[in-house]
Amino acid sequence: MEEHQPKCRSRSGGRPPNLDFSPSKPSVLSVYPVLALFSAVCLAAASPGRDPDEPFQQEVSSWKNRTIGSDWGRVSSPGAAASTSLVITKDENGRMVLSGTALWPGSDEKTRSPVQGPEIEIPLGFDRLSPEAQALSFPLDLPTGTPRFYFELTDAQSGAHRSVTFRRHPNDVNCTRYTLLFADLEPPLRPEQAGLSKLKICFTNSPTARSVAFTIGPALIARGWPSTPPAGCPWKPSREFAGVAFSGRQASYTRADTWYPSWAADGNLYSPYTDGKVGEVESISDGTWKNQGTQNATTGQAVIRGDDPLALAVESLGVCRGDSAPYTGRYPCGTLVHNGVWYYGTYCLGPKPKVRRDGVEYNWAWLGPFVGFRWSTDFGRTWTDCPHSPAKPIFGEEGLAGEPVKIGSPHFVDFGRNLEHSPDGKAYLVAHGASRGLTGRRFAYNSWITGDEIYLLRVRPGIQTINDPSAYEFFAGLDTAGKPTWVSDFKQIQPVLRWEDHLGCVTATYNAVLKKYLLCVTDGHTTGSAYDTSILEADALTGPWRLIAYLEAFGRNAYFCNVPSKFIAPDGKTMWLSYSATFTGHTANPKDSRYALCLREFRLVPAHQPN
């Protein structure tokens with residue numbers, strides 16, 4: 001899926017990028033002649049010797065349970081009085097929060113006209129922002145029926161005020177996170193040329209007297225991709241992790257995509273690749289490329305040697321032909337190296353690489369079936385072909401005319417070296433798909449990078465079982481006691497996750513240190529636009545799943561995202577995201593993303609830090 005190969009070019013798009021939390025000293029808590037807000041900031045790199053999990057906000061004991069009188073909380077309208085109370089406490093996760101109640105009279109006693117409400121003022125105190133600063137974010141809890149309010153930002157350099165619009169993202173039942181992306185401002189805020197002195201939350205007038213209770217979490221300047229889940233997001237936020245923090249360390253290798261590394265007993269990673277070159281060995285999985293014919297579609301395999309993600313050696317082990325007919329593309333999907341046998345899966349795509357519909361150019365708009373596995377007993381030097389074909393795939397699904405496919409592109413759950421952390425010795429797979437067809441929805445509703453549902457299946461790996469459909473068990477939902485049900489009848493399969501028109505390519509990794517499963521799900525929208533990637537966590541593959549971060553336009557179109565277990569640090573919180581990007585011609589963001597095997601280090605931010 002190289003830029004000049006199968007994946008088509010489409011409209012460029014993209015939004016500023018997840019919170020890059022790097023601990024630094026929090027800003028000073030101030031109280032102005034209007035209600036003030038505790039503010040914490042995280043911009044600089046972690047200082048030597050500092051605990052990276054230290055909360056960003058410091059406890060200011062002198063402000064605990066302090067009541068601010070009316071002379072501290074004046075409303076902005078002349079002649080109107082208000083009283084406010086301010087209490088600093090900790091929430092259930094140990095984070096410092098500001099709670100208070102604002103009272104104001106409503107109509108003016110003399111003129112009977114509505115009175116401007118109070119202002120909550122956030123002292124930010126940034127004379128100059130970091131060039132990498134891209135957002136201001138904070139959680140705010142207000143009761144239903146609160147009068148309307150707006151935000152006003154003050155520039156530290158000029159003192160100028162401007163009204164600004166924050167994106168609203170529900171955090172939980174009673175809390176909403178507000179995020180201001182600097183690139184959304186008009187004119188855009190250029191961090192290297194600006195500072196922020198304060199932010200006001202200004203309540204509008206109200207015809208009646210009001211008492212508004214509020215709770216505000218720490219405000220922070222974010223570097224990178226704020227977690228910005230759209231309205232309707234079905235996942236509750238993680239209780240343990242508040243986001244991901246990219247360290248800035250990254251590396252990229254080769255000129256190909258489709259990297260799903262499996263950690264073998266010999267210590268190496270083995271992965272598929274295609275639509276590009278590793279060294280001078282090229283693989284092209286599009287049967288229409290240069291009229292090569294469906295019988296000449298190839299998938300490549302490579303070995304990745306080394307323990308340092310910044311200094312790896314990637315070597316091609318050759319390519320294998322696999323006819324894609326009656327489909328036009330046959331691509332790699334899940335691979336597993338277990339007990340010296342490499343199982344390599346392929347799946348089909350259609351109707352063709354480029355399809356124009358309603359003015360939009362789509363790339364491989366329809367997901368075909370998962371074919372099955374070829375295998376190697378000598379680490380990829382020689383192969384035994386898959387006994388199944390695209391016309392007669394292992395699970396009997398078909399997608400030639402855009403029919404819904406459930407197990408189109410499955411990927412093995414990464415259970416560590418040689419499947420060492422599998423709970424029962426079985427290999428588990430995750431796959432994205434759909435159960436409802438094309439009518440009345442987006443054209444590429446179920447493609448290589450879009451879908452509605454996530455499915456689970458499992459098998460005890462072996463040459464005799466891996467291509468035997470009767471050897472598989474499928475997740476069929478939870479029973480009345482909330483326990484997972486597994487069945488051998490494919491027709492009874494049920495999704496573990498569902499979010500119509502918002503899911504897509506999925507991978508899963510077991511983090512043995514944290515005893516957590518991590519799920520990466522990428523929604524490719526129109527297949528050629530910017531992509532959004534969600535990172536979720538759960539104690540069990542069957543859920544419940546909770547959202548760690550929603551990375552809007554990461555890459556700007558990062559795809560095939562996964563977390564190689566080999567590169568999870570001993571603390572379990574630092575790891576590397578593997579992905580490819582920019583095949584559609586988008587400008588890379590982060591700038592080092594490219595069409596390649598990309599590795600980028602990140603850390604899970606504990607929930608006692610601001611999320």
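Loop only per DSSP, at most 14 neighbouring Cβ atoms within 10 Å: give me the GluC sites (Glu not before Pro) in segment 246-352, ordered by residue number.
Values: sites: 280, 282, 315; in loops: 280.
Those that pass, being in a loop and sparsely packed, are 280.
Between segment 345-403 and segment 452-519, what is the separation of their alpha carbon centroids in Å?
Answer, in whole Å: 20.
In what order do 140, 312, 199 fall by count of nearby beta-carbon atoms within 10 Å, going from fewest to most? Please list the in-between numbers first.
Working: 140 20, 312 16, 199 23.
Fewest to most other Cβ atoms nearby, the residues stand as 312, 140, 199.
Compute from the Cα atoms of segment 454-529 the Rg and the Dmax, the latter being the longest Cα-Cα distance, and quote both in angstrom.
According to the Cα coordinates of segment 454-529, Rg and Dmax are 15.1, 43 Å.
May I have the extent of the alpha carbons of segment 301-357 along their three principal axes, as whole Å values ordered from largest to smallest?
45, 27, 17
Can you tell me the relative contact order of segment 349-606? Whole percent, Cα pairs under 8 Å, sequence separation 6 or more.
On the way: 654 pairs, mean separation 34.4, N = 258.
Relative contact order, segment 349-606: 13 percent.
Would you mind pulling out the separation of the Cα centroids of segment 407-443 and segment 225-266, in Å?
17 Å
Express in nm, to one decimal, how much length is gained between residue 498 and residue 594 on full extension, taking 0.36 nm for each residue of separation and deducting their alpha carbon distance.
On the way: separation 96, 0.36 × 96 = 34.56 nm, distance 3.02 nm.
Contour length minus the Cα-Cα distance gives 31.5 nm.
Roughly how many nanometres apart are two label points built 7 Å out from the Cα toward the Cβ at residue 381 and residue 236?
The modelled label-to-label distance comes out at 5.4 nm.
Could you give the nm distance between label points at residue 307 and residue 101, where each point is 7 Å from its Cα heading toward the beta carbon?
Placing both labels 7 Å along Cα→Cβ, they lie 6.0 nm apart.
Towards the positive end of the charge dipole of segment 349-606, with charges on Cβ (+1 Lys, Arg; -1 Asp, Glu), say which of 434, 408, 597 has the farthest Cα.
Comparing the listed Cα positions along the dipole, 597 ranks first.
Which ordering of 470, 447 is given by a fewest-first count of other beta-carbon atoms within 10 Å?
Values: 470 7, 447 30.
By the 10 Å Cβ count, ascending, the order reads 470, 447.
Using mean Cβ contacts within 10 Å as the protection proxy, how do 483-490, 525-532, 591-598 order, highest first?
Details: 483-490: 13.4, 525-532: 24.6, 591-598: 20.4.
Highest to lowest by the protection proxy: 525-532, 591-598, 483-490.
State whether segment 505-611 is rounded, prolate or oblate according to the following rule on the C-alpha gyration tensor (a ≥ b ≥ c being the square roots of its eigenvalues): a/c under 1.5 gives rounded; otherwise a/b larger than b/c gives prolate, and the remaining case gives oblate. Display every interim value, and only then the final one.
Working: a/c = 1.89, a/b = 1.61, b/c = 1.17.
Here segment 505-611 falls in the prolate category.
Which of rounded, prolate, oblate describes segment 349-606, given a ≥ b ≥ c as roots of the alpha-carbon gyration tensor eigenvalues and a/c under 1.5 marking rounded, otherwise prolate only if a/b is larger than b/c?
Values: a/c = 1.34, a/b = 1.05, b/c = 1.28.
Taking the square roots of the gyration eigenvalues as a ≥ b ≥ c, segment 349-606 is rounded.
Label segment 368-450 by shape, choosing from rounded, prolate and oblate, from the square roots a ≥ b ≥ c of the eigenvalues of the Cα gyration tensor; if a/c is under 1.5 it is rounded, and otherwise prolate applies when a/b is larger than b/c, oblate when it is not.
Working: a/c = 2.86, a/b = 1.62, b/c = 1.76.
In terms of gyration-tensor shape, oblate.
Given an 8 Å cut-off on Cα distances and at least 6 residues of separation, report the relative contact order of segment 258-405 as a percent. Please list the in-between numbers first.
Details: 381 pairs, mean separation 26.5, N = 148.
With pairs under 8 Å counted, the relative contact order is 18 percent.
Under a 5 Å amide H to amide H cut-off, with H placed in plane at 1.01 Å, what residues pair with residue 362 once short-range neighbours are removed?
Correct list: 355, 356, 357.
Normalising by the residue count of segment 480-596, find the relative contact order in percent from Cα pairs under 8 Å and 6+ residues apart. Write down the numbers at each step before the final one.
Values: 220 pairs, mean separation 22.8, N = 117.
Over segment 480-596, the number comes to 19 percent.
Read-outs: derived from the displayed coordinates by stated rules, not from any lab. Here the structure is a predicted model, which means the values were calculated and not measured. All Cβ positions, glycine included, derive from the backbone under ideal geometry; neighbour counts span all protein chains shown.
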